[in-house]
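To keep things clear, I will list the structure first and then write my remarks on it.
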Amino acid sequence: MTIKDIARLSGFGVATVSRVLNHHPDVSEETRRKVMEVVEANGFQPNNNAKHLKQQAGTSIAVIVKGSQNMLFADLVEQIQVLLREAGRDASIYYLDEDADEVAYALKLCRERKPLGIMFLGGDLELFRTGFQPITVPCLLMTNSAEALGFENLSSITTNDEAAAYQVIRFLADRGHRHIGVLGGNWSCSQISYRRFLGCQRALRELELPFDTERQCEPCRYSMAEAYAATRRLLDRCPELTAIFAVSDVMAMGAIRAMRDLGKRVPEDMSIVGFDGISISDFLVPRLATVRQNTRRMAERGVDMLLRNIERSSQPLHELVPFQLIVGESVARLARPEAPRQGKEPISRKGTPCFDLERSVFS
């Protein structure tokens, strides 16, 4: 039974039946009554999903989110929805597994839903490099840089992940830590976590600290449960560690729970630093030391950049947003046998350290 069948049985046109079903006021009560009698007699149910797709096609911004347990992305999605609503735009949110091909999914959306533009929250640059060319609508990649890809319809906004991870390691070294583990992420050279790994590697090399990647690094997905198991594997393999840098706050929370179940205290027995600065990190016991990304600025600039490209066909933009290294309470100060040897000066102990990429100074 379709709307055409209702029109034939009731004797009215398809447009009239559609107005009745959609509760338009410009239909007489007599017409409405006759149409609804046919609807009820035949048990007709309007296809609201099809109606919704028709309404949304070509009018909404698609937001593709990699991973369902990334709390940073949850914060960004909420802010993006508000900003797009204020700009008179609809947002359609699509969650993918963190190992899924977001570019192939975006291409499918372009064919089936025809969005005005696409925002990618997280992304594998290699997938963009090999599969993005057929996508022609304006797009924005958030939390990863697409500048090196050179696509005219792909902008990006992110934090300098390598610089932030570098500062984390120097912060831990300044607190006396010499045996530091790195937890989580995917070490593929096109992934965000790889740039954080590079920052760790550079700092440890400059400080001449031991760093055996086979022993001191343990990859895992962005999940508390995965990080919990990975932390136990890391400590089984490398029990001399005194500090762990988890490449996301979600992973850091899993690591803290693992420490507790192993009978270890944070920070007395193990110092832990996260990355993202999600709001819940302020309420953990102890409060988490972390790299805070400016999600408000990221969301505002990201939405503005994408809408500008949609409305004015502007050239792609690629921006870095500043980060803050938050001291928190999850890092202990150990007896330090020697000062850091090379590189930039350690982070100031006064107040909350902040590295501003725009000014390139500590405060």
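The values are calculated or read from the model by the stated rules, or taken from the named source; none is laboratory data. Quantities reported herein were computed from a predicted structural model and do not represent experimental measurements. Because the Cβ atoms are built from the backbone with ideal geometry, glycine has one as well, and the counts that use them run over all protein chains shown. All accessible areas refer to the heavy atoms of the entire protein, side chains included, with ligands and DNA or RNA removed. Shrake-Rupley method; radii C 1.70, N 1.55, O 1.52, S 1.80 Å.
Brief remarks follow.
- For Ile135, the conditions (1) over 24 Å from Leu72 (Cβ atoms); (2) among the hydrophobic types (A, V, I, L, M, F, W, C); (3) in contact with a strand residue (DSSP E or B) (Cβ under 7 Å, 6 or more places away or on another chain) all hold with the exception of (3).
- The listed residues are Gly274, Gly302, and the only one of them that is of a type in the set (Gly, Ala, Ser), within 22 Å of Cys220 (Cβ to Cβ) and modelled with pLDDT of 95 or more turns out to be Gly274.
- Residue under evaluation Leu209, criteria (1) at pLDDT 95 or above; (2) open to solvent by less than 20 Å² (accessible area, probe 1.4 Å), criterion not met: (2)
- Across the stretch 231-263, the qualifying residues are those that are among the polar types (S, T, N, Q) and open to solvent by less than 10 Å² (accessible area, probe 1.4 Å), and the one among them that is modelled with the lowest pLDDT is Ser248.
- Residue check for Tyr228: buried (at least 17 other Cβ atoms within 10 Å of the Cβ), modelled with pLDDT under 95 and outside any strand (DSSP E or B): no
- Pairs meeting the criteria (first residue in the stretch 172-199 and over 16 Å from Leu235 (Cα atoms) and among the hydroxyl-bearing types (Ser, Thr, Tyr), second residue modelled with pLDDT of 90 or more and open to solvent by less than 10 Å² (accessible area, probe 1.4 Å), beta carbons under 6 Å, at least 6 apart or on different chains) are Ser193/Val247.
- Which numbered condition Ala106 misses (of (1) hydrophobic (A, V, I, L, M, F, W, C); (2) outside any strand (DSSP E or B); (3) touching a residue at least 40 places away in the same chain (Cβ under 8 Å); (4) under 30 Å from Asp282 (Cβ atoms)): (4)
- Residues satisfying the stated conditions in the stretch 133-145, i.e. touching a residue at least 24 places away in the same chain (Cβ under 8 Å) and either acidic (Asp, Glu) or surrounded by 24 or more Cβ atoms within 10 Å (Cβ to Cβ) (or both): Pro138, Cys139, Leu140, Met142, Thr143
- Output for the stretch 109-130, where each listed residue is in a helix (DSSP H, G or I) and open to solvent by less than 70 Å² (accessible area, probe 1.4 Å): Leu109, Cys110, Leu125, Leu127, Phe128
- Lone qualifier among Ile80, Ile93 - being assigned to a strand (DSSP E or B) and either of a type outside the set (Asp, Glu) or surrounded by fewer than 18 Cβ atoms within 10 Å (Cβ to Cβ) (or both): Ile93
- Sole residue being touching a strand residue (DSSP E or B) at 6+ places or on another chain (Cβ under 7 Å), open to solvent by 20 Å² or more (accessible area, probe 1.4 Å), within 21 Å of Arg175 (Cα to Cα) and not in a helix (DSSP H, G or I), chosen from Val285, Val266: Val266
- None of Val17, Val38, Val63 is modelled with pLDDT of 80 or more and assigned to a helix (DSSP H, G or I) except Val38.
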